[in-house]
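Below: the structure, in structure tokens.
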Amino acid sequence: MDFTILVMRGAFATAVAASLDLLSAAATIAPRLKQAAPRWRVVTPGGGQVCLSNGLSIEAQALKASARSDDSLWVVPGLATNTPAAVDARLLEPDAAQAAQALQAHVDHDGIVAASCSAVFLLQAAALLNQRKATTTWWLAPHLKARAPACAVDANRMVSRDGPIWTAGAAFAHTDLMLQLLRSHCGGELAEAVARALLIDGREAQAPFIVPAMMANGDALVAELSAKIEASLPEVPSIVELAATLCMSERTLSRRVQAATGRSTSALVQFVRLKRARLLLETSQLPVERIAEQVGYRDATALRRLMRKTFAATPRQFRKRAH
């Protein structure tokens with residue numbers, strides 16, 4: 001067996017379907033490339049019919065503790081839990097505890113595990129993220145960091161690998177995860193053929209899709225701060241001045257922003273600038289130099305460098321994609 005798809009009750013239906021559709025496509029294409037077709041199974045705690053999000057369901061085998069003979073790559077689609085409170089509550093349920101135990105046992109037996117979106121928290125519950133790099137749904141990244149202080153959480157990444165642990169970002173990042181797993185497990189030629197057949201573009205970062213206001217993660221004050229920053233462009237007040245407008249100290253503001261977004265206040269300011277720049281690139285014909293001025297950068301070189309670092313794309317690439 002090459003892949004084990006661990007499907008939890010209430011899992012994100014599209015992620016489950018993406019796992020099976022990509023593997024099915026790979027199995028169809030592999031013989032044409034004179035390669036062995038990948039094999040897979042679907043498991044769940046307890047076995048039987050699993051109710052997914054949006055009322056769909058799937059039949060799955062019963063999950064058993066990982067054994068040394070199981071050399072398949074385990075994949076866990078997202079749990080369709082969208083808030084920190086929902087994540088915490090889901091992890092307390094018996095099937096989540098059983099899944100976390102099985103994931104830990106699989107890695108202990110030299111297995112490889114992968115999870116996307118909120119399912120990454122199952123890896124955290126299994127103590128598999130300590131001293132590792134990981135990504136997850138960008139608006140849940142601060143909560144993952146709070147639950148796993150020893151994990152280097154990078155919400156900008158679409159897919160991250162650290163040793164036997166693969167993680168992916170929000171919802172449809174599961175497609176990117178499956179492609180990379182196919183590339184790693186079955187070879188680049190098959191993965192590229194599947195991507196072409198299903199019209200999937202490779203994406204390296206989820207940063208371009210982050211909405212600054214949503215990074216507040218329910219914190220009304222940080223949402224207000226994001227709006228203030230955006231409204232003040234290109235001349236954003238100093239952090240001290242921003243804190244004063246919110247009737248608090250710079251240190252208190254920093255703590256609130258860090259807790260809600262996982263970023264420093266200055267990083268939040270920079271991100272809002274870059275998102276406005278991206279919007280202007282995609283919706284106007286303004287030259288890059290003029291856009292840099294409108295978002296508060298002295299020259300286009302700085303804008304290009306920061307966009308490449310944050311979004312893994314240049315201004316020219318954003319403009320080309322939009323048109």
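A search for C-beta distances below 7 Å between a residue of the stretch 282-304 that is on the phi > 0 side of the Ramachandran plot and any residue that is open to solvent by 30 Å² or more (accessible area, probe 1.4 Å) and part of a helix (DSSP H, G or I), counting only pairs 6+ apart in sequence or on different chains, returns Gly296/Arg273.
Taken together, Ala27, Ala89 contain a single residue that is small (Gly, Ala, Ser), open to solvent by 40 Å² or more (accessible area, probe 1.4 Å), at pLDDT 95 or above and at negative phi, which is Ala89. Would a scan of the stretch 246-269 turn up a residue that is touching a residue at least 60 places away in the same chain (Cβ under 8 Å), surrounded by 13 or more Cβ atoms within 10 Å (Cβ to Cβ) and more than 25 Å from Asp154 (Cα to Cα)? Looking through the stretch 246-269, none of the residues is touching a residue at least 60 places away in the same chain (Cβ under 8 Å), surrounded by 13 or more Cβ atoms within 10 Å (Cβ to Cβ) and more than 25 Å from Asp154 (Cα to Cα). Against the list (1) in contact (Cβ under 8 Å) with a residue 40 or more places away in the chain; (2) closer than 21 Å to Gln104 by Cα; (3) in contact with an Asp or Glu (Cβ under 7 Å, 6 or more places away or on another chain), the condition Trp40 fails is (1).
In the stretch 100-130, the residue that is nearest to the chain's Cα centre (by Cα) out of those that are among the hydrophobic types (A, V, I, L, M, F, W, C) and under 16 Å from Phe12 (Cα atoms) is Cys117. Inside the stretch 272-322, can you point out the residues that are assigned to a helix (DSSP H, G or I), more than 23 Å from Lys228 (Cα to Cα) and polar (S, T, N, Q)? The answer is Thr301, Gln317.
Quick check on my filter: what residues within the stretch 218-234 are at pLDDT below 85 and open to solvent by 50 Å² or more (accessible area, probe 1.4 Å)? Those that are at pLDDT below 85 and open to solvent by 50 Å² or more (accessible area, probe 1.4 Å): Gly218, Ala220.
Residues of the stretch 30-59 that are farther than 16 Å from Ala114 by Cβ, open to solvent by 10 Å² or more (accessible area, probe 1.4 Å) and of a type in the set (A, V, I, L, M, F, W, C): Leu33, Ala36, Ala37, Cys51, Leu52, Leu56, Ile58.
I'd like to check something: does the stretch 305-312 contain any residue that is open to solvent by 70 Å² or more (accessible area, probe 1.4 Å) and modelled with pLDDT of 90 or more? So far as the stretch 305-312 goes, yes, one or more of its residues are open to solvent by 70 Å² or more (accessible area, probe 1.4 Å) and modelled with pLDDT of 90 or more.
The values are calculated or read from the model by the stated rules, or taken from the named source; none is laboratory data. These numbers come from a predicted model, not from an experiment. Cβ sites come from the backbone with ideal geometry, for glycine too, and all protein chains shown count toward neighbours. All accessible areas refer to the heavy atoms of the entire protein, side chains included, with ligands and DNA or RNA removed. Shrake-Rupley method; radii C 1.70, N 1.55, O 1.52, S 1.80 Å.
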